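So the structure is just underneath, and the comments pick up after that.
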Amino acid sequence: MSTILKRKRSDFAKEIESTGKEEEDLFVDVPMDEDDDDSDGDDSDLEDDSDDEQLEEEMTDSEEGAVSSGESQDSEENGDSAGDGGDDVGEEDRSDGDDEDDVAEQETSKPKSRGKLARLTWQLRPRRSHLQSSVKLDNETAPSQLTPADDNSGESGAGTSTGKEVDEYEFDSSDEEDIRNTVGNIPMEWYDDYPHIGYDVRGQMILRPPKRDELEEFLEKMDNPDYWRTVHDKMTGRDIVLPDEDVAFIQRIQDGRYPETTFDPYEPWIDFFTQEKMIHPVTRRPEHKRSFIPSLLEKEKVSKMLHSIRMGWMKPRQEKKKDEDDRPKFYDIWSNESQVELTRRHHAHIAAPKERLPGHEESYRPPPEYLPTEEEIKEWKEAHPEDRKMDFLPQTFDCFRKVPAYRDYVRERFERCLDLYLCPRQRKMRVQVQPEDLLPKLPKPKDLQPFPTTQAVVYLGHRSYVRTISVDPTGQWLVSGSDDETVRFWEVSSGRCMKKLDMEGTVRCVAWCPNPAVCLVAVSVEQRVHLVNPGLGDKLVVSDTDRLLEAYEEPEEAKTSPLVEWSEAPEEAKEKGFRLCLKHFKTKQIAWHGKGDYFGTVVPDGGHSSVLIHQLSKRRSQTPFKKSKGLVQTISFHPSRPYFFVATQRFVRVYNLLKQELTKKLLTTAKWISSIAIHPGGDNVLVGSYDCRLSWFDMDLSVKPYKTLRHHRQAIRHVCYHRRYPLFASSGDDGLVIVCHGQVYNDLLQNAQIVPVKILRGHEVTNSLGVLACEFHPSQPWLFSSGADGTVRLFT
């Protein structure tokens, strides 16, 4: 017996017990009438006992009658259900009616005894009979509610139906309780990182069920016959087996049928609104104004469509092509060509050129400027037909009907046919070139790091133009020369001025010896070149440098050059750091050899001796050229080979010092060269000019520039390469220092890759002069620059 029936029985027992208590209270509390009290107590007791016995007999008789009537009714219902299952509802209605009649008869019947206790008992009988009938109805309806499909039950009322709709929320059973996830309609992926999958109605966590691996999943697929109808519920993490009703529901949807079996799409349609003709209208509401006025929205749509058709944006519907099957087909029965040859011929077809459209001169009344004069008519008649611009003479007529027949019509048509038949045709392919395809695909600057991007240190101290700077081989010290006749030595990391030398003139150039074993700086001031030992850095290197210079012994027959005079500095100057002094013409530039023993100077006023090469160990100088081939601007040594680069105003000449001959002559497009720089590999040369051009030369490729950049708005003052990183920089009078990435490949078939990466700003333009010099750090991707504003800046 289900929990619902148990609960009903228990409720009924409680109600009967409460009814019994009420009866006892009534029996105790009811007072006796004076008329009923007899003087003889025994007689009254006997009468009361007889009345009670009579009341109990009547109650038992009524109960037995009710039970017997119920059993007979059940038997009749069982028989009717066995005979005809369609009459269950009617029989049940009749049984209910019989019960109601019995109760009514009991209520209307009067009690035989006239005592007050009997009357109170008689008033309680309808309530008791009503409770018995309600229990009977519950016993009949409960099995049909629980198991409506079970027809083989032996209990009373098992095969019957009440015919009443039962509310599914009226009863509840603990056997049907299920775990319900209350997280709502959310993605369950949010709980992937948690051990639970949600919360139940009590707020407790629902733990994640164990997950089967692939082997267990395969065994489940092989062993479980209901695997094909099992689905996984993400909300609870369980596998649910679909019942037959759901499977049939899904199959009907897959077959394209209606999901509900009770739905009849072809049920007769009942015209419930117009099947009966009414005398009066349904509504007397007047028609709306928009029902008889043209729509403004439709007018606007039509106007837009007309405008689109006129502009060519919208095309009207094209007429449908007639089927080719409707047309008569003719076959060439003598043709030997296959279908492949025919299709090949069709694909190779070249359309004939169209004829020229007639112009104004062919009009029957052309404008006066198109009519030829007598001289033009005479020239046209005397000229050869192939030399004539037009095949006819334009004429004018008053009206169109006076125009005669065209006499050259047949000849022109014949020539057109000859052109179509005899002239060969050629298809000219037009090359569609996108502008983006012409530009080289360059990498992004962020992929080419490291390179200097921000200003880190500003070296303050000079009061005029800082024309030249140089970094020592270790990268710890920096030397700068200015027009304020001073040379300053700086510590790179801190920006501190370590030493200051006063010169007697404008400092044109400073150059640190590239040999790390020697601490020596060459400074050009007017007509002198000073060799200075600043005494910075390693003390052993400083002492070795002085020892090297003092170890020189003058030969007996010294060959002195009339242009250069070597001399040692006096004692007072030696205390400041001066060691040697070279006197000659005004010096513009100093360039050291890679080993540190040779250095060259540019003397613009020297004539054929404008280039001098000095040897430090032997203290001698020489002029490599006997003749001057132009005004020398700058010089440089090859980093690894015995090559010497000399740049004049428009050319860069490369000399072999061993063979003493001209190796190469680089042809620049510049009008005035300002500076050059040699790549550490030695095969590429960077040339800057005063006409804002920056040229990259690949000597293995050509003597002409490989790339020419014009990213400076004013003259370029200095260019330089980095010794370790693929970087080069240029500075100009526009106050900018532009850093570029220049990757040189070992593969000779691949050209260098040049990408501008950064524009460095910081210097101020003073008197139309900007950044006068720039130099890379020997080991770090840092850049030093000096400008006309009297500052030296470090970019990192």
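All of the numbers you see were taken from the coordinates with simple rules; none came from a lab. Predicted model only: the values in this text are computed from it and were never measured. Here the Cβ positions follow ideal geometry from the backbone for every residue, glycine too, while neighbour counts run over all protein chains shown.
Couple of notes before you dig in:
- Net charge of neighbours whose Cβ lies under 10 Å from the Cβ of TYR191, counting Lys and Arg as +1 and Asp and Glu as -1: -1
- Residue order, fewest to most beta carbons within 10 Å, for LYS758, LYS446, LYS595: LYS446, LYS595, LYS758
- Over region 674-796, the reciprocal of the mean inverse Cα-Cα separation, the Kirkwood hydrodynamic radius, stands at 14.5 Å.
- Region 361-476, Cα convex hull volume normalised per residue, Å³: 494 Å³
- Over 30 Å (Cα to Cα) - which of LYS378/LYS402; LYS444/LYS664; LYS499/LYS629; LYS588/LYS659 fall in this group: LYS444/LYS664; LYS499/LYS629
- Region 408-470 pair-distance distribution - Cα-Cα, 5 Å bins, rounded %: 3, 9, 8, 7, 7, 6, 6, 6, 7, 5, 4, 4, 4, 4, 4, 4, 5, 5, 2, 0
- Legend: calculated FRET efficiency, ARG761 to GLN660, from the Cβ-Cβ distance at R0 = 45 Å, rounded to 0.05, equals 0.45.
- Cα gyration tensor category, rounded, prolate or oblate, for region 187-254 with a/c compared to 1.5: oblate
- Once the Cα-Cα distance is subtracted from the 0.36 nm per residue extended length, the THR274 to VAL433 segment shows a gain of 50.0 nm.
- Annotation: region 483-636 has a Kirkwood hydrodynamic radius of 16.3 angstrom, from the mean reciprocal C-alpha pair distance.
- Dimensionless Rg ratio for region 223-312, taking C-alpha atoms and the 2.2 N^0.38 Å reference: 2.34
- In nm, spacing of pseudo-spin labels at ARG285 and ARG413 (7 Å Cα→C-beta vector): 7.3 nm
- Other residues lying with their Cβ under 12 Å from the Cβ of TRP490 contribute a combined charge of +3, Lys and Arg counting +1, Asp and Glu -1.
- Added length on full extension, which subtracts the Cα-Cα distance from 0.36 nm per residue, VAL302 to LYS441: 45.1 nm
- Residues VAL765, VAL771, VAL282, VAL603 arranged by fewest to most Cβ contacts within 10 Å: VAL282, VAL765, VAL603, VAL771
- For GLU775, GLU260, order by how many other beta-carbon atoms lie within 10 Å, fewest first: GLU260, GLU775
- For region 615-724: rounded, prolate or oblate by the Cα gyration tensor [a/c cutoff 1.5]: prolate
- Among residues other than ARG365 with Cβ under 12 Å from its Cβ, the summed charge is -2 (Lys and Arg +1, Asp and Glu -1).
- ³J(HN,Hα), Karplus 6.51/-1.76/1.60, whole Hz, each residue of region 782-796, x for Gly, Pro: 10, 9, 9, 9, 10, x, 6, 7, x, 10, 10, 10, 10, 10, 10
- Cα gyration tensor shape for region 349-391, rounded if a/c is under 1.5, else prolate or oblate: oblate
- The rule of thumb for compact globular proteins, 2.2 N^0.38 Å, goes into the C-alpha radius of gyration of region 461-544 1.02 times.
- Taking 0.36 nm per residue of separation and subtracting the Cα-Cα distance, full extension of the segment from GLN426 to MET390 would add 10.4 nm.
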